[in-house]
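K.L.:
One structure, as structure tokens, below. Some questions next.
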Amino acid sequence: MITYISPFNFSTLFKRLSLISLGFSLFTLPTLSNAANANTETQLTGVLIHKIATYLNWNKKSNKELTYCFVGNNSHTVGDFLTSQKNIGRLPYHITLRNFTNLVDSSNAICDLLYVDKSTNWDRQVFNQLAKSTFTITNDKELLAEGFVVSIELDQNKPQLTLSKSNLQKTNIVIDARFLSVVNVVE
């Protein structure tokens with residue numbers, strides 16, 4: 001049985017399909033674009049965190065066993081990205097990566113490098129009790145006034161790194177001078 005589609009019906013069908021596909025693209029492309037952008041930001045932040053750690057020397061021990069901790073749900077994607085890089089051999093085996101929901105949970109762990117997302121509710125008292133051997137990173141330079149050592153902010157995927165010299169001096173971590181040449185240093 002052969003069905004004949006009149007030109008009017010075919011054109012109506014084509015217009016409806018065009019409208020549906022246009023509507024689909026208008027609603028999904030921004031989402032996909034934001035997801036790709038978020039993915040790029042996550043990857044860039046993860047790479048920067050690991051690269052910063054290569055410029056650090058913890059006085060308490062050698063850099064043979066390091067633990068990177070990520071606090072807050074928004075920081076878990078960065079921790080997960082670095083875990084995937086470790087699983088395929090792009091990160092050294094001696095790095096342990098851990099995600100925590102809040103700062104209290106991470107205070108019981110030994111974290112050499114701690115990344116706290118700015119949207120995380122964190123307790124200042126718990127933060128102050130962190131060991132001097134914990135290098136703290138956030139994604140908001142305003143939090144440097146609260147005691148964080150480095151902030152990583154991305155402006156259209158261009159990193160802006162800021163280091164608080166006074167907060168670094170409160171730790172027993174030594175940072176390579178080469179890193180200081182690529183970061184904005186504030187008191």
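K.L.:
Amide H neighbours of D140 under 5 Å, counting only residues 5+ apart in sequence or on other chains, H built in-plane at 1.01 Å?
P.N.:
Long-range HN contacts for D140: I152.
K.L.:
Further question: Under a Cβ-Cβ cut-off of 12 Å, what is the net charge of the residues other than V47 that fall near it, where Lys and Arg count +1 and Asp and Glu count -1?
P.N.:
+1
K.L.:
Then there is this: Hey, what do the phi angles of segment 171-187 turn into as Karplus ³J(HN,Hα) couplings, whole Hz, using 6.51/-1.76/1.60 and θ = phi - 60°, x for Gly and Pro?
P.N.:
Coupling constants for segment 171-187: 9, 10, 9, 9, 10, 5, 4, 4, 5, 5, 6, 10, 10, 7, 9, 10, 6 Hz.
K.L.:
What percent of all Cα-Cα pairs in segment 57-129 falls in each 10 Å bin, counting up from 0?
P.N.:
Spelled out bin by bin, segment 57-129 gives 20, 48, 29, 3 percent.
K.L.:
What are the aspartates and glutamates whose alpha-carbon lies under 17 Å from the alpha-carbon of K141, with same-chain residues fewer than 8 places away excluded?
P.N.:
Excluding near neighbours in sequence, the set is E41, D117, E153, D155, E187.
Coordinate-derived values only; no laboratory data. The structure displayed is predicted, hence computed values, not measured ones. Counting neighbours? That spans all protein chains shown, and the Cβs are built from the backbone with ideal geometry, glycine included.
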